[in-house]
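> Would you mind keeping the following structure in view while I ask a few things?
Quick note: the coordinates plus some simple rules give every number you see, no bench work behind them. This one's a predicted model, so the numbers in the text were calculated from it and none came from an experiment. Heads up, the Cβs are rebuilt from the backbone with ideal geometry, glycines too, and the neighbour counts pull from every protein chain shown.
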């Protein structure tokens, strides 16, 4: 079973995969017994637990403050990790930041960022005086 979620608070127990789509931010405080996909200009803050994989696709952004039991992948999207990952952290064309207080039990594969990725912000230009 797959559930499409378009923003708000996901605070329930759900068995199957969840796909987060849309411009509204989502906060996942419950339990997803499956994979969680974040895509299409959406942002998902994971405070709860995902028993499968967490995947940030295309232009999605995932902020992990809870637990992912398997792998975390950035497939074109952005991932910030401030919680725990029991599996691997894999960068496949996205951006990944691993915070100083997080725990990754598996391997980190691919490039990581020195600071959290900033999405949607215009680049700042130096002012001339």
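> Over all distinct Cα pairs, what is the inverse of the mean 1/r for the chain, reported as the Kirkwood hydrodynamic radius in Å?
Computed over the chain, the radius equals 14.5 Å.
> How high is the relative contact order of the chain, given as a whole-number percent (alpha carbon pairs under 8 Å, six or more residues apart)?
14 percent
> Further, regarding this structure: Using a simple spin-label model with points 7 Å from Cα along the Cα→Cβ vector, what separation in nm is obtained for residue 33 and residue 103?
My value for the distance between the label points is 2.4 nm.
> Next question, about the same structure. Pop a pseudo-label 7 angstrom from the Cα along the beta-carbon direction at both residue 9 and residue 69 and give the gap in nm to one decimal.
Result: 2.5 nm between the two label points.
> Given 0.36 nm per residue, what is the gain on full extension from residue 2 to residue 59 after removing their alpha carbon distance, in nm?
18.5 nm
> For a protection proxy built on the mean count of beta-carbon atoms within 10 angstrom, sort 64-76, 97-109, 12-24 highest first, please.
Ranked by mean Cβ neighbours within 10 Å, highest first: 64-76, 12-24, 97-109.
> Run the Debye formula on the Cα coordinates of the stretch 48-106, all scatterers equal and no solvent, and tell me log10 I(q)/I(0) at q = 0.12, 0.13, 0.21, 0.26 1/Å.
Those come out to -0.21, -0.24, -0.66, -1.01, one per q.
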